[in-house]
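Enquirer: Once you've had a glance at the structure underneath, I'll fire off some questions.
The values are calculated or read from the model by the stated rules, or taken from the named source; none is laboratory data. These figures come from a predicted structure and were not determined experimentally. Note: ideal-geometry Cβ built from the backbone for every residue, glycine included; neighbour counts use all protein chains shown.
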Amino acid sequence: MSQELTVPEGWKRREMKGIPASMEALCTRKTEQGFQYALQVDERHANAQGMLHGGVLMSFLDHGMSLIIWEATDRAFCSTVHLDSHFLAAVRP
């Protein structure tokens, strides 16, 4: 991806490997309650109809949940066993 997304103040772009790295959009910040994760998207994350691609949302959900579990278990290995989602409506980036 050639276009650079702007990281909001207080957030940090998270460098990743593999499939999550292809999103180039995961940001994190640490609060008193723990880490927060955000996905910053633009038209590069859309499907052919111009809506946010469901695969992008599912990848964010899968990776975000694993990061939460990883931190909660003192960084123990974890993996997704089953992930299911039902989208209520389409959304534009």
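Enquirer: If we scan region 52-67, do we find a residue that is part of a helix (DSSP H, G or I) and in contact with a strand residue (DSSP E or B) (Cβ under 6 Å, 6 or more places away or on another chain)?
Expert: Yes, because at least one residue in region 52-67 is part of a helix (DSSP H, G or I) and in contact with a strand residue (DSSP E or B) (Cβ under 6 Å, 6 or more places away or on another chain).
Enquirer: Under 8 Å by Cβ, and 6 or more places apart or on different chains, what pairs join a residue from region 33-59 that is under 20 Å from Asp84 (Cα atoms) and free of Cβ contacts under 8 Å to residues at least 40 places away in the same chain with one that is β-branched (Val, Ile, Thr) and buried (at least 16 other Cβ atoms within 10 Å of the Cβ)?
Expert: Note: pairs meeting the criteria are Leu39/Val56; Val56/Val41.
Enquirer: Taking the options Glu71, Glu24, Glu9, name whichever one is without any contact (Cβ under 8 Å) to a residue 12 or more places away in the chain and of a type in the set (Asp, Glu).
Expert: Glu9
Enquirer: Within region 20-79, which residues are surrounded by 11 or more Cβ atoms within 10 Å (Cβ to Cβ) and of a type in the set (D, E, K, R)?
Expert: Result: Glu24, Arg29, Lys30, Asp42, Arg44, Asp62, Glu71.
Enquirer: Right, next: I need a count of the residues in region 1-36 that are modelled with pLDDT under 90 and touching a Ser or Thr at 6+ places or on another chain (Cβ under 7 Å).
Expert: Residues flagged as modelled with pLDDT under 90 and touching a Ser or Thr at 6+ places or on another chain (Cβ under 7 Å) within region 1-36 amount to 5.
Enquirer: Determine which member of the set Thr73, Thr28 is touching a Lys or Arg at 6+ places or on another chain (Cβ under 9 Å) and hydroxyl-bearing (Ser, Thr, Tyr).
Expert: Of Thr73, Thr28, the one residue that is touching a Lys or Arg at 6+ places or on another chain (Cβ under 9 Å) and hydroxyl-bearing (Ser, Thr, Tyr) is Thr28.
Enquirer: Which one is farthest from the chain's Cα centre (by Cα) among residues in region 13-34 that are in a strand (DSSP E or B) and closer than 16 Å to Phe60 by Cβ?
Expert: This residue is Arg29.
Enquirer: Condition test on Leu26, is it out of contact with any helix residue (DSSP H, G or I) (no Cβ under 7 Å at 6 or more places or on another chain) and of a type in the set (A, V, I, L, M)?
Expert: No.
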